[in-house]
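If you scroll down you'll find the structure; I have some questions about it.
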Amino acid sequence: MSLSAEYYTDKTGDRGGGGGAAALAHQRRLIQGLLVWATLLTLGLGVSITLHFIHRDSPASSKVTVPADNQAESKDSSLMRFAPAWDRRENVTFLTWTTNNIGFIKGKQNLTVTKHGEYFLYLQLTLDHQQKAKHTITVRSQKQEILKGFINGSKSVFMANGIFLDNDDILTVTCEPGAKIMDSHAESYLGVIKLNST
């Protein structure tokens, strides 16, 4: 609620001393500060609730590690996480991946789908800070383009899409022109969630 200067001077008895305008300006600053504080608290609460639901059933660490014996983390898992398998010091065009899951996708550069069904794919790539050109990141199968994003100015791209994939579909991830891409699992990663098999 905002009070006009006339209302303030009429109700408080300030008759031309100039204090009404100063008090009104002070009141506006307090209201603006309160609105900013309420906005920050609301955003913090939203982030807290989101993190609660995201991390409710997840393990304490989301770091992807590849065991030496390449055994499966869980053969029945509907989530496959892939970590970078390239050297960040070299320009990469065709991206290669490692995973600790043995499941519905196999391979490193050409990722082959072993079970047809509906899938949700997500990808984040972060370029080395020295990269200046515009880059096109594409995830495609031999039948269609699944994801396509551009990095120009910003250094990261995140993409996601739900799609039906058949047995023996081959997925590839490319970066044109080739670029130095960060190889940390927190900055560059690929994930595939199997929604259902038909």
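Would it be correct to say that I163 is at negative phi, part of a loop (DSSP other than H, G, I, E, B) and of a type in the set (V, I, T)?
Here the answer is no, as I163 does not meet what is asked.
Taking segment 151-160 as the region of interest, how many residues are under 22 Å from V192 (Cβ atoms) and modelled with pLDDT under 90?
3
Looking only at residues that are in a loop (DSSP other than H, G, I, E, B) and open to solvent by 60 Å² or more (accessible area, probe 1.4 Å) in segment 166-182, which one is nearest to D128 (Cα to Cα)?
By that ranking, first place goes to D168.
Can you run down the residue pairs with Cβ atoms below 9 Å, 6 or more apart or on separate chains, where the first is in segment 149-162 and farther than 17 Å from Q130 by Cβ and the partner is acidic (D, E) and surrounded by 12 or more Cβ atoms within 10 Å (Cβ to Cβ)?
Matching pairs, first to second residue: G162/E118.
Out of the strands (runs of 3 or more DSSP E) lying entirely within segment 85-143, which hold 2 or more residues that are open to solvent by 40 Å² or more (accessible area, probe 1.4 Å) and modelled with pLDDT of 85 or more?
Correct list: 91-94, 117-126.
State yes or no: is E187 among the acidic types (D, E) and surrounded by 13 or more Cβ atoms within 10 Å (Cβ to Cβ)?
yes
The values are calculated or read from the model by the stated rules, or taken from the named source; none is laboratory data. Model, not experiment: these values are computed from the prediction. So basically every Cβ, Gly included, is an ideal-geometry build from the backbone, and we count neighbours across all protein chains shown. The accessibility values were calculated without ligands, DNA or RNA, using every heavy atom of the protein model including side chains. Shrake-Rupley method; radii C 1.70, N 1.55, O 1.52, S 1.80 Å.
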